[in-house]
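The values are calculated or read from the model by the stated rules, or taken from the named source; none is laboratory data. Owing to the predicted nature of the structure, the values given are computational and were not obtained by experimental measurement. Please note: Cβ atoms are built from the backbone with ideal geometry, for glycine as well, and neighbour counts cover all protein chains shown. Ligands, DNA and RNA are excluded from the accessible area calculation, which covers all protein heavy atoms including side chains. Shrake-Rupley method; radii C 1.70, N 1.55, O 1.52, S 1.80 Å.
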Amino acid sequence: MELLQDGPANYDAMFAAIAGAKDHINVESYIVEDGEVGQKFADMLLERQAQGVQVNMIYDSVGAF
């Protein structure tokens, strides 16, 4: 386990995990925003899904307002 203390460290860890996924990706978030980081996140998930990785995402629509 590694304690991630800020946004950039979290994003780097998430992007590395997505890039390395071979079978499935399960994501749960309460904030989904359009922007540079959000677009990169979406693009990576779509790319992995196109390569046969099962992608599942749950988000809290109330938290995303």
### Leading residue by the ranking (farthest from M57 (Cα to Cα)) among those in region 21-31 that are surrounded by 10 or more Cβ atoms within 10 Å (Cβ to Cβ) and more than 10 Å from the chain's Cα centre (by Cα)
A21
### Message
Please go through region 53-65 and give me each residue that is modelled with pLDDT of 95 or more and open to solvent by 60 Å² or more (accessible area, probe 1.4 Å), ordered by number.
### Response
Q54, N56
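Being out of contact with any Leu (no Cβ under 6 Å at 6 or more places or on another chain) and touching a residue at least 24 places away in the same chain (Cβ under 8 Å) is the filter; apply it to region 50-61 and report the residue that is farthest from M14 (Cα to Cα).
Narrowing region 50-61 to residues out of contact with any Leu (no Cβ under 6 Å at 6 or more places or on another chain): 50-54, 56-61.
Narrowing the set further to residues that are touching a residue at least 24 places away in the same chain (Cβ under 8 Å) leaves 53-54, 56-60.
On the way: V53: 15, Q54: 16, N56: 14, M57: 13, I58: 15, Y59: 16, D60: 19 Å.
Checking each candidate, the answer is D60.
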### Task
Under 8 Å between Cβ atoms, at least 6 apart or on separate chains: pull out the pairs that start in region 14-37 with a residue that is in a loop (DSSP other than H, G, I, E, B) and modelled with pLDDT under 90 and end on any residue that is surrounded by 11 or more Cβ atoms within 10 Å (Cβ to Cβ) and not acidic (D, E).
Y30/Y59; Y30/A64; I31/Y59; I31/A64; V32/G38; V32/Y59; V32/A64; E33/A64
